[in-house]
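Chemist: First the structure, then my questions, so here it is.
The values are calculated or read from the model by the stated rules, or taken from the named source; none is laboratory data. The structure presented is a predicted model; accordingly, all values stated were derived computationally and were not measured. Positions of Cβ are generated from backbone atoms using ideal geometry, with glycine treated the same way; all protein chains shown enter the neighbour counts. Protein only, heavy atoms only, side chains kept; ligands, DNA and RNA dropped before computing areas. Shrake-Rupley method; radii C 1.70, N 1.55, O 1.52, S 1.80 Å.
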Amino acid sequence: MNVNLPIHTFSLVARDPETGDLGIAVASKFLAVGFVVPWAKAGVGAVATQSYVNPRFGPTGLALMEAGAGPEDILAVFARNDPDLAKRQFGYVLASGESLSYTGPECHGWAGGRWGPGYAAQGNLLVGPEVVEALEHTFLSRTDLTFPERLLEALLQADRAGGDKRGRQSAALLVVGEGKGYGGMERWIDLRVDDHPDPVLELQRLLGIHRLLFGAGEPARPLSPEEILWLQTLLTRQGHYTGPISGAWDEATEQAFTTLIGMENLEERYQGGPALDEVALRYLKEKFA
């Protein structure tokens, strides 16, 4: 295999010890880094392949994990089948939490990685080792954050520590979990910033939008008569409702409200009836104030 696509970058591959979710956060001075580097399969593992990328390492690594191979076994297969291994860099974490980070001796400096139970952090063409150290330290210390936010905070701190010494261009976040994605898919979060002056910060903004639209799980609460009155007024103004503005919930109000919820892409948050979670309700009030 002679694949020579240089992607000099820094990445964090990790497993959430509480949920078993797997994720990769990556940034680079490279267009659309999320298209090549991150690979993951729920219940199996996650891989980041970078430097002079061999994209086969993603699907091959996951297949080996699924077949029961351990970290050193996977490395041995890569080494046996890739004569250019010295140019490669990759990190992977198995569903068990076992991990490994590899940096070939021909990767452009500064290059290196750190790994431990449940994570692998690596980078090449960086300003120095402080970038990978920031990835590791932030991920291990920010246990107050939920898993996707923790991955992105680690990426942000690594970026602010210097990141890719050529500058910034793209970033990506991939998180998988059994049944957590839209419509029950395992691909829960798949966000990419392909070309931006501050891609990691932009990625955090996109994660906030994702949480709003797909963050089902916050408990819905009953809407008060005053809130129903406000909604009926709004629905009338938007042309969805022609019934009485009474503050009483009825079938016409629900049909109109379902239309509005769908237009705002909030259908994952609404389960029917006169009830809604606080995040979605606050969004509607702020947008249509």
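Chemist: Could you tell me whether any residue of the stretch 211-220 is more than 29 Å from Val193 (Cα to Cα) and not small (Gly, Ala, Ser)?
Modeler: yes
Chemist: Turning to a different aspect of this structure: From the set of residues in the stretch 104-115 that are in contact (Cβ under 8 Å) with a residue 24 or more places away in the chain and not in a loop (DSSP other than H, G, I, E, B), which is most open to solvent (accessible area, probe 1.4 Å)?
Modeler: Trp115
Chemist: Give the residue, chosen from Asp82, Asp21, Asp73, that is open to solvent by 30 Å² or more (accessible area, probe 1.4 Å) and either among the hydroxyl-bearing types (Ser, Thr, Tyr) or modelled with pLDDT of 95 or more (or both).
Modeler: Step by step, each of Asp82, Asp21, Asp73 is checked, and only Asp73 is open to solvent by 30 Å² or more (accessible area, probe 1.4 Å) and either among the hydroxyl-bearing types (Ser, Thr, Tyr) or modelled with pLDDT of 95 or more (or both).
Chemist: If you go through the stretch 188-214, how many residues are polar (S, T, N, Q) and over 17 Å from Arg168 (Cβ atoms)?
Modeler: Count: 0.
Chemist: Do we have Leu235 as closer than 28 Å to Met185 by Cα, open to solvent by less than 80 Å² (accessible area, probe 1.4 Å) and in a helix (DSSP H, G or I) here? Before you say what the answer is, go through the steps one by one.
Modeler: Working: closer than 28 Å to Met185 by Cα: no; open to solvent by less than 80 Å² (accessible area, probe 1.4 Å): yes; in a helix (DSSP H, G or I): yes.
Here the answer is no, as Leu235 does not meet what is asked.
Chemist: Among (1) of a type in the set (Phe, Trp, Tyr); (2) open to solvent by less than 10 Å² (accessible area, probe 1.4 Å); (3) not in a strand (DSSP E or B), which single condition is Phe30 missing?
Modeler: Against the list (1) of a type in the set (Phe, Trp, Tyr); (2) open to solvent by less than 10 Å² (accessible area, probe 1.4 Å); (3) not in a strand (DSSP E or B), Phe30 comes up short only on (2).
Chemist: If you don't mind, another one. Could you list, in sequence order, the residues of the stretch 239-266 that are over 34 Å from the mean Cα position of the chain (by Cα) and assigned to a loop (DSSP other than H, G, I, E, B)?
Modeler: Looking only at the stretch 239-266, we keep the residues that are over 34 Å from the mean Cα position of the chain (by Cα), and these are 239-253.
Across the stretch 239-266, the qualifying residues are Gly239, His240, Tyr241, Thr242, Gly243, Pro244, Ile245, Ser246, Gly247, Ala248, Trp249, Asp250.
Chemist: Any residue that is open to solvent by 50 Å² or more (accessible area, probe 1.4 Å), touching a residue at least 12 places away in the same chain (Cβ under 8 Å), under 22 Å from Glu130 (Cβ atoms) and outside any helix (DSSP H, G or I) - is there at least one of those in the stretch 207-221?
Modeler: no
Chemist: Can you report the number of residues in the stretch 29-70 which are at positive phi and touching a residue at least 60 places away in the same chain (Cβ under 8 Å)?
Modeler: Selection size over the stretch 29-70: 3.
Chemist: Ok, one more. Can you name the residue in the stretch 119-145 that is open to solvent by less than 10 Å² (accessible area, probe 1.4 Å) and assigned to a loop (DSSP other than H, G, I, E, B) and is also nearest to Pro83 (Cα to Cα) among such residues?
Modeler: Asn124
Chemist: Right, next: Among (1) free of Cβ contacts under 8 Å to residues at least 60 places away in the same chain; (2) touching a Ser or Thr at 6+ places or on another chain (Cβ under 7 Å); (3) open to solvent by less than 60 Å² (accessible area, probe 1.4 Å); (4) under 24 Å from Val47 (Cα atoms), there is one condition Gly181 misses while meeting the rest; what is its number?
Modeler: Of the numbered conditions (1) free of Cβ contacts under 8 Å to residues at least 60 places away in the same chain; (2) touching a Ser or Thr at 6+ places or on another chain (Cβ under 7 Å); (3) open to solvent by less than 60 Å² (accessible area, probe 1.4 Å); (4) under 24 Å from Val47 (Cα atoms), the odd one out for Gly181 is (2).
Chemist: Residues in the stretch 40-70 that are assigned to a strand (DSSP E or B), open to solvent by 20 Å² or more (accessible area, probe 1.4 Å) and modelled with pLDDT of 95 or more: how many?
Modeler: 1
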